[in-house]
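What follows is a set of notes on a single structure, which appears directly below.
The values are calculated or read from the model by the stated rules, or taken from the named source; none is laboratory data. Fair warning: this is a prediction, and the values are worked out from it, not measured in the lab. So basically every Cβ, Gly included, is an ideal-geometry build from the backbone, and we count neighbours across all protein chains shown. Quick note on the areas: whole protein, heavy atoms, side chains included, nothing else; ligands and nucleic acids left out. Shrake-Rupley method; radii C 1.70, N 1.55, O 1.52, S 1.80 Å.
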Amino acid sequence: MGKDLISLLDLQEEEIEQLLKSASRLKAMQKRGISYRPFVGKTMALLFEKPSTRTRLSFQAGMHQLGGDSIFLSPEHTQLSRGETLEDTARTVSCFADIAVLRTFAHRTVEVFAHNASIPVINGLTDLFHPCQILADLLTIQECFGESRHKIVAFVGDGNNVAHSWINLAALWPIEVRVITPVGYEPSEDVVEHAKRCGGKVIVTSELKAVKGAHVIYTDVWASMGQEKEHQKRVSEFKGYQVNSRLMELTEKDAIFMHCLPAHRGEEVTAEVIDGPKSVVWQEAENRLHMQKAIVIKLMGGEGDVVVK
Ligand code: CP
Ligand code: NVA
């Protein structure tokens, strides 16, 4: 892993293993009330162009629990809004902060920022990828099944940023990813082809019956941030791809339901499923905190693992 986490492709299989171990230990420590504060006096800067509940809270609360501070900036509150360049902003942020988390529309924005920053930069979601979400989700899968390897994840809905990060994962972790979308909403061919070239098991289909045999049924909003104007059109075009009890009946007995959240009950998932017994969405949301802390420690501490004295 280099200095940044811009996509899951920045990681190697052993590093994912290390992050999972570290996040589980951090979670266990937190539950036992053991504090671990390696970053006293350190600062995290968060620059978000889009709204966020979980990503922002988990990074800010996580940094606080690790002994550090965080500063949240939306673009209108920085000189970016008055034409200061991204390059100069990245250099400036590096003078004051020890690590930065960005949430942007264009993926290129995070890449350019990271290239010009001398501090570690984390992608907290772009139009293309959402790597931190999938790392945390892997922890949830590990907790639910005792192991996250050799699981089948069926992603139902839009071939979006979250789907892309699942596909990236298949390039480096032994997991099968089936992306089930309406025709015209498939994930990027480049992302799929890259995973396949790396030996990843990825299936892209419009057939809902592909959920059969999956351990995880995963969905996300039909219109992502930035696609608000397409919302109505998407609601009608995605109608048959709702995760409801009829779809869940096609799945295995011990399959779990996951959603990165925020959810729109009645659109991509019914209340009956997301609030039902197979749903692990709250465990999934909480795990963002533990995985975020593991990522920050890995990037700032140089160590991939937590050492409890
Ligand atoms: N899942 C997720 O990233 O949530 P937020 O948009 O609330 O950060
Ligand atoms: N695909 C969604 C994920 C939100 C966490 C979006 O980009 O809006």
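Would you mind getting the accessible area per residue of the range 1-137, heavy atoms of the protein chains only, 1.4 Å probe, in Å²? Write out the running numbers ahead of the final one.
Numbers: 6110 Å² over 137 residues.
Here the residues of the range 1-137 average 45 Å² of exposed surface.
Report, to the nearest whole %, how much of the accessible area of the range 1-154 belongs to carbon and sulfur atoms, 1.4 Å probe, protein only.
50 percent
Residues with beta-carbon under 15 Å from that of E186, excluding E186: net charge, scoring Lys, Arg +1 and Asp, Glu -1?
That sum, taken over residues with Cβ under 15 Å, equals -4.
Note down the relative contact order for the range 33-86 as a percent, whole number, built from C-alpha pairs under 8 angstrom at least six residues apart.
45 percent
How do I34, I119 rank by accessible surface area computed with a 1.4 Å probe, from largest to smallest?
Largest accessible area first, the residues go I34, I119.
Please give the per residue accessible area of the range 146-264, computed with a probe of 1.4 Å over protein heavy atoms only, in Å².
Details: 5120 Å² over 119 residues.
Result: 43 Å² of accessible area for each residue.
What are the aspartates and glutamates whose alpha-carbon lies under 13 Å from the alpha-carbon of K31, with same-chain residues fewer than 8 places away excluded?
Answer for K31, where 13 Å is the Cα cut-off: E286, listed by chain and number.
Using the Cα centre as the reference, give the magnitude of the dipole from point charges on the C-beta atoms of the range 96-253 (Lys, Arg: +1; Asp, Glu: -1; all else neutral), rounded to the nearest 20 debye.
It works out to roughly 340 debye.
Regarding the chain, what are the three Cα extents along the principal axes, ordered largest first, in Å?
53, 48, 37
Give, as a single signed number, the net charge of other residues whose beta carbon lies under 10 Å from the beta carbon of T140, with Lys and Arg counted +1 and Asp and Glu -1.
Overall, the nearby charge balance is -3.
Can you put H290, H64 in order of accessible area, largest first, using a 1.4 Å probe?
The residues order as H64, H290, largest area first.
For the range 194-200, what does the Karplus curve 6.51 cos²θ - 1.76 cosθ + 1.60, with θ = phi - 60°, yield as ³J(HN,Hα) per residue in whole Hz, taken in order and with x for Gly and Pro?
4, 4, 5, 4, 7, x, x
As a test question: what accessible area, to the nearest 10 Å², does H231 have when a 1.4 Å probe is rolled over all protein chains in place?
60 Å²
Just how large is the dipole of the chain about the Cα centre, in debye to the nearest 20, putting +1 at every Lys and Arg Cβ and -1 at every Asp and Glu Cβ? Don't jump to the answer; show the numbers that get you there.
Numbers: 35 positive and 40 negative charges, 154 e Å.
Dipole magnitude for the chain comes out near 740 debye.
Calculate for the chain the 222 nm mean residue ellipticity that helices alone would give, adding -39,500 (n - 2.57) per DSSP H run of length 4 or more and normalising by residue count, nearest 500 deg cm²/dmol.
Calculated mean residue ellipticity at 222 nm is -12500 deg cm²/dmol.
Dipole of the range 67-159 (Lys/Arg Cβ +1, Asp/Glu Cβ -1, origin at the Cα centre): which of N123, A106, G146 lies farthest to the positive side?
Among N123, A106, G146, the one farthest towards the positive end of the dipole of the range 67-159 is G146.
Bin width 10 Å, origin at 0, all Cα-Cα pairs of the range 157-279: what percent of pairs per bin?
For the range 157-279, the binned pair fractions read 13, 45, 34, 7 percent.
Take R103, R25 and sort them by solvent-accessible surface of the protein heavy atoms, 1.4 Å probe, largest at the top.
Values: R103 15, R25 100 Å².
So the residues, ranked largest to smallest area, are R25, R103.
Debye sum, Cα scatterers, the range 230-309, no solvent: what log₁₀ I/I(0) at q = 0.15, 0.19, 0.20 1/Å?
Result of the Debye calculation: -0.68, -0.85, -0.89.
Long-range amide H contacts for V101: which residues qualify at under 5 Å (H placed 1.01 Å from N, peptide plane, sequence gap of 5 or more or a different chain)?
Close amide H contacts, sequence-distant or interchain: A45, L46, L47, I122.
Given an 8 Å cut-off on Cα distances and at least 6 residues of separation, report the relative contact order of the range 100-187 as a percent.
That works out to 24 percent.
Normalise the Debye intensity by I(0) for the range 1-133, one equal point scatterer per Cα, no solvent, then take log10 at q = 0.10, 0.18 Å⁻¹ and round to two decimals.
-0.33, -1.06
Which whole-number percentage describes the relative contact order of the chain, with Cα contacts under 8 Å and a sequence gap of 6 or more? Show your work: numbers first, answer last.
On the way: 602 pairs, mean separation 61.0, N = 309.
Reported relative contact order: 20 percent.
Rounded, prolate or oblate, given the Cα gyration tensor of the range 102-207, with a/c below 1.5 counting as rounded?
Taking the square roots of the gyration eigenvalues as a ≥ b ≥ c, the range 102-207 is oblate.
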